[in-house]
Amino acid sequence: MNEHAHGHGGDGHHHHHHDHSELSQIELRVRALESILVEKGYVDPAAIDALVETYETKIGPRNGAKVVAKAWSDPEYREWLRGDATAAIASLGFTGRQGEHMVAVENTPDEHNLVVCTLCSCYPWPVLGLPPVWYKSAPYRSRAVIDPRGVLAEFGVTLPRTTRIRVHDSTAEIRYLVVPMRPEGSEGWGEEALAELVTRDSMIGVGLPLRPEQVVR
């Protein structure tokens, strides 16, 4: 059932900065700077953790949530996102490194999309912030391909047997954004309210959006 929507190909581009530490040059510099600041007592490590947590779970994915909410409520934007995700996302002001070439894939009752990066941890930073730790882990990277249904079950997502699961391999050239299905009961909601339903995990494909009753309005 697995179908790689986009293979890594043999062009070798994927290997830039992908040494065994799996840290990009920027990340290495940030880590080094953090160490120095913490050592000199300028920065409380807990404060740094809080900052990273904010970027990881609050600021980052909020951008993607706005993209999804607009796609849910604006048919023209949805078509644009489907045809040229990079431009459609950039129109909302979300651009930058790690998001140059975006592809949006939509979940339907018949098909569920799951994103993995089998070689390292390519991830669309401008729309989803920093990748979660599990996204970089070897078990996720291998098992998402071999047993996507089992991986989804571990994340608490059980899909009907009739729903096909497509696994998309994120690469240095192409990053994916999953557009989850709009939850029932959100008819008539504005974009801001809809964005509250969109979780980071639902845009990777390992989760589902929140249901309207789960959000305090």
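The values are calculated or read from the model by the stated rules, or taken from the named source; none is laboratory data. What you see is a predicted model, and the numbers here were worked out from it, not measured in a lab. Neighbour counts run over all protein chains shown; Cβ positions are idealised from the backbone, glycine included. In case anyone asks, the SASA skips ligands and DNA or RNA and just uses the protein heavy atoms, side chains included. Shrake-Rupley method; radii C 1.70, N 1.55, O 1.52, S 1.80 Å.
Quick one: pull the percent of accessible area on region 115-217 belonging to carbon and sulfur, 1.4 Å probe, ligands and nucleic acids left out.
C and S atoms contribute 56 percent here.
Entry comment: accessible area of region 175-217 is 50 Å² per residue, from protein heavy atoms only and a probe of 1.4 Å. If you take all other residues with their beta carbon under 12 Å from the beta carbon of Val38, and give Lys and Arg +1 and Asp and Glu -1, the sum is -2. For region 125-196, the list of trypsin sites (Lys or Arg not before Pro) that fall in a loop by DSSP and count at most 13 other C-beta atoms within 10 angstrom reads Arg161.
Once you have the Cα-Cα distance between Arg161 and Gln214, take 0.36 nm times their residue separation minus that, and quote the gain in nm to one decimal.
16.5 nm
Starting from a Cα-only point model with no solvent, please compute log10 I(q)/I(0) by Debye for region 90-159 at q = 0.17 1/Å. Summing over Cα pairs of region 90-159 leads to -0.74. Since only Ile146, Thr158, Ala172 are under comparison, the one whose Cα sits farthest along the positive direction of the charge dipole of region 104-209, derived from C-beta charges on Lys, Arg, Asp and Glu, is Ile146.
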